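This report concerns only the one structure given below.
The values are calculated or read from the model by the stated rules, or taken from the named source; none is laboratory data. All figures in this text were calculated on a predicted structure; none of them were measured in a lab. Note that each Cβ is placed from the backbone with ideal geometry, even for glycine, and that neighbours are counted across all protein chains shown.
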Ligand SMILES: Nc1ncnc2c1ncn2[C@@H]1O[C@H](COP(=O)(O)OP(=O)(O)OP(=O)(O)O)[C@@H](O)[C@H]1O
Ligand SMILES: [Mg+2]
């Protein structure tokens, strides 16, 4: 099961990523959760303390490692495009509540698309994750869609777009669907978050085809309380966990 969780800013990508990761971990699965947001906060949502989060060096900042693996020359003009990275998730992941967290960081790609050893290494690691046959891989993506076009998540089984009940979110879902098809990602699913009432839910059901809708998570002050306290929503919000468990059950059916 390999999903990239995407959507607009603040819709609940990290909340969903962390909760799914912990549900799978509690089942005894090997779970790799990749934080692909430069404004990394998946660690906190998985249950790390702020100090533990601050101590993590993102992979993109490991210049020496990139140099060693890609054999880059000092002027960065020559390096391997297919460095060996299969051992990196195990070596550099931070384990938290049964989840292996990989903080990827970002490499400034500028306007032209970056060709630097760090970027080559990041991409190689992300595609290596997709070869881990029986493992669960969850990518918590940066808000917005432009990074999807760079192909960071192109090898995932599916994209999950987190939306809020509103027309702009529905538009985002349609845009992601188009992009995914360009990238060859066949499945795009939707989780509607911060649903307040039946009218919100009806709006979602009218605008998202049933086969694409994984489910709804209701607006829930427990999730906000968890965030305010810098804690994992998984340890704070039983109602949300039950809703996300149902979403996971549909994902489980995809796997079989
Ligand atoms: N169902 C919900 N009910 C109430 N608050 C929620 C719900 N889901 C998420 N939130 C709150 O919304 C805020 C954003 O959530 P989260 O960080 O998961 O979103 P995100 O999409 O990852 O944001 P970003 O784009 O900044 O990465 C957080 O304060 C979170 O606690
Ligand atoms: Mg986030």
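A few comments on the model shown:
- Residue within region 80-103 that is within 16 Å of ligand 1 (Cβ to nearest atom), out of contact with any strand residue (DSSP E or B) (no Cβ under 8 Å at 6 or more places or on another chain) and without any contact (Cβ under 8 Å) to a residue 40 or more places away in the chain present: no
- Scanning region 130-145 turns up no residue that is under 20 Å from residue 39 (Cα atoms), in a helix (DSSP H, G or I) and modelled with pLDDT of 90 or more.
- Residue count, region 130-145 (criterion: more than 16 Å from ligand 2 (Cβ to nearest atom) and surrounded by fewer than 21 Cβ atoms within 10 Å (Cβ to Cβ)): 6
- Residue count for region 19-41, restricted to those that are within 8 Å of ligand 1 (Cβ to nearest atom) and either under 17 Å from residue 93 (Cβ atoms) or in contact with a strand residue (DSSP E or B) (Cβ under 9 Å, 6 or more places away or on another chain) (or both): 2.
- Residues that are more than 13 Å from ligand 1 (Cβ to nearest atom) and either without any contact (Cβ under 8 Å) to a residue 60 or more places away in the chain or more than 8 Å from the chain's Cα centre (by Cα) (or both), drawn from region 1-18: 1, 2
- Of everything in region 42-56 that is more than 16 Å from residue 19 (Cα to Cα) and in contact with a strand residue (DSSP E or B) (Cβ under 8 Å, 6 or more places away or on another chain), the residue that is farthest from ligand 2 (Cβ to nearest atom) is 52.
- Residue, farthest from ligand 2 (Cβ to nearest atom), within region 21-40, restricted to residues that are within 23 Å of residue 225 (Cβ to Cβ) and touching a helix residue (DSSP H, G or I) at 6+ places or on another chain (Cβ under 6 Å): 23
- Here region 146-197 is the region considered, the condition is being part of a loop (DSSP other than H, G, I, E, B) and within 16 Å of ligand 2 (Cβ to nearest atom), and the residue that is farthest from residue 126 (Cα to Cα) is 164.
- Figure legend. Inter-residue proximity from region 142-159: first residues more than 28 Å from residue 256 (Cβ to Cβ), second residues more than 16 Å from ligand 2 (Cβ to nearest atom) and part of a loop (DSSP other than H, G, I, E, B), beta-carbon distance below 8 Å, spacing 6+ or different chains. Indicated pairs: 150/109; 150/113.
- Per the conditions (1) at negative phi; (2) surrounded by 19 or more Cβ atoms within 10 Å (Cβ to Cβ), the sole criterion not satisfied by residue 202 is (2).
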